[in-house]
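The numbers here are math on the coordinates, done by the rules we state, and not lab data. Bear in mind the structure is a predicted one, so any value in this text is a computation, not a measurement. Methodologically, a virtual Cβ is constructed for each residue, glycine included, from the backbone with ideal geometry; neighbour enumeration extends over all protein chains shown.
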Amino acid sequence: MRFIQGLSHETTKLLQKVYKESKYHQVRQRAQCLLLSYQGYRTNELSHIFQVDRITIYNWFNAWDSRHFAGLYDKKGRGRSASFNSDQKEQIRQWSKSFLKI
């Protein structure tokens, strides 16, 4: 079992602010998870609350340990790479504009 420990008063206040005000759902969820772990919730309880696997909770904890507040956010480059380059995207925009005028 693993818990988040040693958060300062300022850090907990910032995590609460992120939890309440971030425009990204995943970031709010991760901040809340860290706060609940700091309050003594176990990983099994957290995985049930957030409906994710325990390994996901551990990944959130590891990201916090290594990158602190930056660990709340996804790293750049996640997800599928773009299917079209910028020229192709512009061509698609032109086609859609001409199609909508008809």
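Things to note:
- Which of Tyr19, Tyr73, Tyr24 has the fewest Cβ neighbours within 10 Å, and the rest in rising order: Tyr24, Tyr73, Tyr19
- Here the spin labels are modelled as points 7 Å beyond Cα on the Cα-Cβ line, and at Lys89 and Gln5 they lie 4.7 nm apart.
- Computed over the range 9-72, relative contact order equals 23 percent, with contacts defined as Cα pairs under 8 Å that lie 6+ residues apart.
- Between 0 and 90°, nearest 10: helix 9-21 axis offset from the chain longest Cα axis: 40
- Sorted by Cβ neighbour density within 10 Å, fewest at the top, the residues Val18, Val27: Val27, Val18
- Note on Gln51 and Asp74: their simple-model spin labels are 1.8 nm apart, each label 7 Å out from Cα toward Cβ.
- With Cα atoms as the point set, the chain shows a radius of gyration and Dmax of 19.7, 64 Å.
- Seen from Trp64, the other residues with C-beta closer than 15 Å to its C-beta sum to a net charge of +3, counting Lys and Arg as +1 and Asp and Glu as -1.
- Counting lysine pairs in the chain whose alpha carbons fall under 29 angstrom apart, excluding pairs fewer than 8 residues apart on the same chain, gives 14.
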